[in-house]
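The values are calculated or read from the model by the stated rules, or taken from the named source; none is laboratory data. Since this is a predicted model, take the numbers as computed values, not measurements. Virtual Cβ from ideal backbone geometry, glycine too; neighbours counted across all protein chains shown.
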Amino acid sequence: MRGTFRRYRWLVLAALLSGLVIPAQLGAGPVTEIKIGAVYPLTGALASTAKLSKDGIDFAVDIINNRYDLALPLAKSEGLPNLGGAKIRVIFGDTQGSPETGRAETERLITGEKVVAVVGAYQSAVTATASMAAERLGVPFLNPDSTSPTLIQRGFKWFFRATPDDDIMSKNFFDFLKDLEKKKGIKVRTVALVCENTLWGTDVCKFERKYAKEYGYEVVTEMLYPARSTDLTSEVQRLKAARPDVVFMASYISDAILYTQTMKKLDFNTQAILAMDAGHVDPAFLKTVGKDGNYIFSREVFSADLGQRKPIVRIVNDMFKKRYGYDLEGTSARSFTAMFVLADAINRAGSTEPSALRRALLETYLTSDKIIMPWGGVRFDPANGQNVLGRGIIVQIQDLKYWTVWPWHLASRDVIWPMPTWRERK
């Protein structure tokens, strides 16, 4: 009897050390619930943006855990078939927009809540520290939405990113300008770069500067302004003095709103504003600035009007809008997609053991027809964890809605160029 107990004790210890679920390994019963952590700025300046991520995650989990007639991974079964129908439960951590808090919340979810993987954290600076914690603890961290190129340059083995990064997106902007010149004879010569001063904005300006030089555009001014500014008068006055043909912007929601309001107040006009997603596509942006947001371009990874060419987008977006009251957009669509990527990997692994889950993520190959994004699919580079099949689109706000305008084969509306001046607008 003592020998049996000793063997049981060593089995328990071995299971704890390897991160396995003890009841499943010892035959005490099947795994019925799989906990996944999600870290986002649920309170603070980016709370409205974090809600988009949370809605996307919650919607995906409902589809995975229940039965839906949809052409998405695991939608037609209840739970994860290879784990006996186990259901996913997401436990959220509030980063408050702080890198330090993001790291602490990730550690809490892994060591306290015993989550098997973590998704997050929207802001690149927070994702950097949160993923460090996951790397140290040996747990997969799947990033749906942070676009700083430096995140995949750290040699991490547990970090995976689904979205294309700012290097790719910055190049897309300049490809777009060259395509405009070829197709419409629109010639742009000078550009201004306006970026908030955290990791994300700093990287955006770096790559936009690089491609401006490579493509032959003159940068007449470059500004790294303080994130969450309360007054942007001097910055807009600098833009007026520089008189760029096009302004490139990288701003989170409060800054995107304030810049638009200040540009109108100071009567700053330019041919076009090309925004790097984030604040300019947050639903709170148009709710606040209204028709003053019209004509702004933004890079995107998703737009609901893609449903005109991809039926699964229309079907899923209709379901989402009925439940949450708004269309899917880039943030919610990316978090929605990330949950399917992660659930698919867990199911293929047939295990919640970290190394098995990591192997399954490395073996991921979801084709474009299995996701709602306008990507070639999802397949991670084993060297750095980057999805090599991601790509971007460009949308323009017209009539208070976002419409895909580039690449041309995905466009649902033609571009409006140049932007009307403030005095020309009705």
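Residues checked against (1) out of contact with any helix residue (DSSP H, G or I) (no Cβ under 7 Å at 6 or more places or on another chain); (2) at pLDDT below 95; (3) farther than 21 Å from Ala121 by Cβ:
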position: Ala241; (1), (2), (3): yes, no, yes
position: Phe268; (1), (2), (3): no, no, yes
position: Ser303; (1), (2), (3): yes, yes, yes
position: Lys310; (1), (2), (3): yes, yes, yes
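What's the number of the only condition in (1) on the phi < 0 side of the Ramachandran plot; (2) among the aliphatic types (A, V, I, L, M); (3) touching an Asp or Glu at 6+ places or on another chain (Cβ under 7 Å) that Leu74 fails to meet?
Going through (1) on the phi < 0 side of the Ramachandran plot; (2) among the aliphatic types (A, V, I, L, M); (3) touching an Asp or Glu at 6+ places or on another chain (Cβ under 7 Å) one by one, Leu74 breaks only (1).
Which residues, counting only those in the range 41-87, are charged (D, E, K, R) and not in a loop (DSSP other than H, G, I, E, B)?
If the condition is that a residue be charged (D, E, K, R) and not in a loop (DSSP other than H, G, I, E, B), then Lys51, Lys54, Asp55, Asp58, Asp62, Lys87 are the ones that fit.
Suppose we keep only residues that are touching a Pro at 6+ places or on another chain (Cβ under 9 Å) and at negative phi within the range 77-100. Which one would you say is surrounded by the most Cβ atoms within 10 Å (Cβ to Cβ)?
This residue is Thr95.
Restricting to the range 259-275, count the residues that are surrounded by fewer than 22 Cβ atoms within 10 Å (Cβ to Cβ) and either on the phi > 0 side of the Ramachandran plot or within 23 Å of the chain's Cα centre (by Cα) (or both).
Of the residues in the range 259-275, 1 are surrounded by fewer than 22 Cβ atoms within 10 Å (Cβ to Cβ) and either on the phi > 0 side of the Ramachandran plot or within 23 Å of the chain's Cα centre (by Cα) (or both).
Look through Glu218, Glu208, Glu214 and report the one residue that is in contact with a strand residue (DSSP E or B) (Cβ under 8 Å, 6 or more places away or on another chain), surrounded by fewer than 19 Cβ atoms within 10 Å (Cβ to Cβ) and in the same structural domain as Lys265 (by TED's automatic domain parsing).
Step by step, each of Glu218, Glu208, Glu214 is checked, and only Glu218 is in contact with a strand residue (DSSP E or B) (Cβ under 8 Å, 6 or more places away or on another chain), surrounded by fewer than 19 Cβ atoms within 10 Å (Cβ to Cβ) and in the same structural domain as Lys265 (by TED's automatic domain parsing).
With respect to Arg228, is the statement that it is basic (Lys, Arg) and within 25 Å of Leu151 (Cα to Cα) true?
So Arg228 fits the description; yes.
Looking for something crowded, with 22+ Cβ neighbours inside 10 Å, in contact with a Pro (Cβ under 7 Å, 6 or more places away or on another chain) and assigned by TED's automatic domain parsing to the domain that holds Ala60 - is there at least one such residue anywhere in the range 367-388?
Looking for residues that are crowded, with 22+ Cβ neighbours inside 10 Å, in contact with a Pro (Cβ under 7 Å, 6 or more places away or on another chain) and assigned by TED's automatic domain parsing to the domain that holds Ala60, one finds none in the range 367-388, hence no.
Within the range 279-296, count every residue that is buried (at least 23 other Cβ atoms within 10 Å of the Cβ) and either over 19 Å from the mean Cα position of the chain (by Cα) or assigned by TED's automatic domain parsing to the domain that holds Ser53 (or both).
1
In this structure, does Thr331 turn out to be in contact with a helix residue (DSSP H, G or I) (Cβ under 8 Å, 6 or more places away or on another chain) and not in a helix (DSSP H, G or I)?
no
Consider the range 282-302. How many of its residues are under 19 Å from Cys205 (Cβ atoms) and either in a helix (DSSP H, G or I) or among the polar types (S, T, N, Q) (or both)?
Result for the range 282-302: 1.
Could you please let me know if Thr127 is β-branched (Val, Ile, Thr), crowded, with 24+ Cβ neighbours inside 10 Å and in the same structural domain as Gly44 (by TED's automatic domain parsing)?
Yes, satisfied.
Do we find that Val236 is in a helix (DSSP H, G or I) and either of a type in the set (A, V, I, L, M) or surrounded by 22 or more Cβ atoms within 10 Å (Cβ to Cβ) (or both) in this structure?
So Val236 passes the test.
What number of residues within the range 350-393 are modelled with pLDDT under 95 and part of a strand (DSSP E or B)?
1
Please list, ordered by first then second residue, the pairs with beta carbon atoms under 6 Å, 6 or more apart or interchain, first in the range 29-40 and under 12 Å from Val61 (Cβ atoms), second small (Gly, Ala, Ser) and surrounded by 15 or more Cβ atoms within 10 Å (Cβ to Cβ).
These pairs meet every condition: Ile34/Ala86; Ile36/Ala117; Ala38/Gly120.
Condition (residue is of a type in the set (A, V, I, L, M), closer than 19 Å to Tyr225 by Cβ and buried (at least 20 other Cβ atoms within 10 Å of the Cβ)) applied to the range 179-192: is it met by at least one residue?
Looking through the range 179-192, at least one residue is of a type in the set (A, V, I, L, M), closer than 19 Å to Tyr225 by Cβ and buried (at least 20 other Cβ atoms within 10 Å of the Cβ).
Taking the range 127-175 only, how many residues are over 19 Å from Arg103 (Cβ atoms) and among the aromatic types (Phe, Trp, Tyr)?
Within the range 127-175, residues that are over 19 Å from Arg103 (Cβ atoms) and among the aromatic types (Phe, Trp, Tyr) number 2.
Anything in the range 239-258 that is over 21 Å from Thr198 (Cα atoms), assigned to a helix (DSSP H, G or I) and touching a strand residue (DSSP E or B) at 6+ places or on another chain (Cβ under 7 Å)? List them, or say none.
Result: Ala242, single match.
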